[in-house]
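Inspection log for the structure reproduced underneath, given as structure tokens.
Read-outs: derived from the displayed coordinates by stated rules, not from any lab. Being a predicted model, the structure only gives us computed values, none of them experimental. Quick reminder, even Gly has a Cβ in these numbers, built from the backbone with ideal geometry, and neighbours come from all protein chains shown.
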Amino acid sequence: MLIDFHAHVHDDEDGKYTRELVREARRIGIDYLVIHEPVSHSRDSLEVVQRCNDLTFRTYEREPEYFIPFVYTHPNLGQAALDEVKRGFDRGARGIKLEVASIITDKCLEPIIEEAITRDVPMVQHTWHKVTGNLRWETDGVHCAEIGRRYPELKLVMAHISGDNRWGIRAVRDVPSVYTDCSGSIADYGHIEECVRFLGADRLIWGTDVRGADFLYTLAKVRDSKLSDEDKAKVLGLNAARLLKLI
Amino acid sequence: MIDFCCDIGNYAFRPWPANDTASTLEELDRAGISQAVVGSIDAITYVSPHPANELLMDDIKATDAEGRLIPYTVLSPVYPGVEQDMRESREIGFRGLKLYPNYHGYQVDDPPALRLLEMAAGWGWPSVVSIRIEDERHHHPLMKVRSVPLNSVIWAARQLPEATIIVSGANSVETPQLLELSDELPNLYVELSYVKGPVAAVAKLVERFGSKRMLLGTHLPFVYPGCGIAKIAEADITQQAKQDILEDNARRILEL
């Protein structure tokens, strides 16, 4: 089973992007695409957040058997942020996606985290550690570790292995409840094996970060790694399938 | 397949699974790559790069009996005695030039670099100009190295139409900007190691620009070699386009 756990939708009035995305994903053998909002890099109004989610669910409705939608929110919007999450679950969401509107340790996250725990769904947090300096409300791996310790029952997925995988792996290595996804452009030779060595094969999930990334490039970093076939199967789909309750 | 972006040696900022000629040849075998253009990684951070070239050549001569590795000398055009280092490189078996303007502190369109590129072209050597080797967000906190300005490489290629220049490490935004100049600059090529997106990245590039100016680059040992290969070999493009990018264009440049 091959599941891309980290794909972004795109403004797509005529559906052309979605058709191309699905055609290429199916050509490569991907069974499901977990879709999130269009990439966002700031704090926005509720209207913008709703527009992002509308895009996600419109895309989902084009191929409901293929796409697995996550609802996106900006926790700093307070009750409206939580209401938007609930609206997303009413429309078929299977998880929650957070970007760079709030650092995950901010107090405003608490109701969102509690909602994820209550519904027993995964919460994916964009995470990066940049030597050039993070965005103002951009979560780092050490923040995910803190939340993982505080909420061990939360199914938290630290996206992108925190960008700099050396940092990200060490940040969460002793927090067994935190998963990570290896989506994105980084394909440092050996980092997939190192991630499994420190976190175990059950905590790493494959994703691409399309539309900015290439399916084949990102798939090859797991396929080309020296993991056992059993561990590759976990990373490429089985771990995601368990989190999403597909198996 | 011929890899136009493969380096050998130790990197100051992280360990790699392959750091010498023998382990690199094993990696190339595993990836199905027959030949690779190689330079010294140590030379990137050596203040005086040439001793690293000599070490690499010793290693190649001791290990690569079949001549699968095509060595390129890594030099700094602004370092004293660089022209003598160039000549010595040629005498001991190097077959091309590789420049890292951002790590050695110069612009590739400045006179010293142009002189070295001209010298290489005079010997029929291709020259590789590296734009970046690692994501700028993940550098050592005390050694943040900016990427090379694309315009400086384009300017150098314009100034020296007789020089074959291969741009290495150009990303998904920069690569189309370079390929758009294919008609104007027939001496300019791009290796694709740093093209990591968008969806169907290589198919989109081939559709826009054809397949004659792009080269396979794995960026071994920094990156899993399969990433560089899969995006070309499994792309939805013709067999001829794959053959061009994976091998034939490099074969033409290298006169193999």
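Observations on the structure shown:
- Sequence of B:Ser172, B:Ser193, B:Ser76 once ranked by neighbouring C-beta atoms within 10 Å, starting from the fewest: B:Ser172, B:Ser76, B:Ser193
- Cα gyration tensor shape for the stretch A:108-205, rounded if a/c is under 1.5, else prolate or oblate: oblate
- Student exercise, the protein assembly as shown dipole from Lys, Arg, Asp, Glu Cβ charges, in Debye to nearest 20: 680 debye
- Cα gyration tensor, the stretch B:126-256 - rounded (a/c under 1.5), prolate or oblate: oblate
- Loop-resident sites, the stretch B:173-217, for GluC sites (Glu not before Pro), counting at most 13 other Cβ within 10 Å (DSSP): B:Glu180, B:Glu184
- Inter-chain Cβ neighbour average for residues B:11-24, partner chain, 10 Å: 1
- Across peptide B:136-142, the average count of Cβ atoms from other chains found within 10 Å of a residue's Cβ is 5.
- For the pair B:Lys61 and B:Gln84 in one chain, pulling the backbone fully straight at 0.36 nm per residue adds 6.1 nm over the alpha carbon distance.
- Most fluctuating residue given options B:Val190, B:Val82, B:Val128, as computed from a GNM of chain B linking Cα atoms under 10 Å: B:Val82
- Cross-link reach list, lysines versus B:Lys61, counting only Cα pairs under 28 Å and skipping chain neighbours closer than eight places: B:Lys98
- Inter-chain Cβ neighbour count for A:130-143, averaged per residue, equals 2 (cutoff 10 Å, partner chain atoms only).
- Out-of-range pairs (alpha-carbon distance over 20 Å; input A:Lys130/A:Lys232; A:Lys97/A:Lys226; A:Lys130/A:Lys155; A:Lys16/B:Lys204; A:Lys97/A:Lys245): A:Lys130/A:Lys232; A:Lys97/A:Lys226; A:Lys130/A:Lys155
- Of the GluC sites (Glu not before Pro) in the stretch B:4-93, the ones in a loop by DSSP (not H, G, I, E or B) with at most 10 other beta carbons within 10 Å are B:Glu66.
- Shape call, the stretch A:4-44: gyration tensor on alpha carbons, a/c limit 1.5: oblate
- Projecting the Cα positions of A:Ile35, A:Gln79, A:Ile169 onto the charge dipole of the stretch A:3-243 (unit charges on Cβ atoms of Lys, Arg, Asp and Glu, taken about the Cα centre) puts A:Ile169 furthest along the positive direction.
- Qualifying GluC sites (Glu not before Pro) in the stretch A:26-71, where qualification requires a DSSP coil assignment and no more than 13 other C-beta atoms within 10 Å, comprise A:Glu65.
- If R0 equals 25 Å, the separation of the Cβ atoms of B:Val173 and A:Arg43 corresponds to a calculated FRET efficiency of about 0.45.
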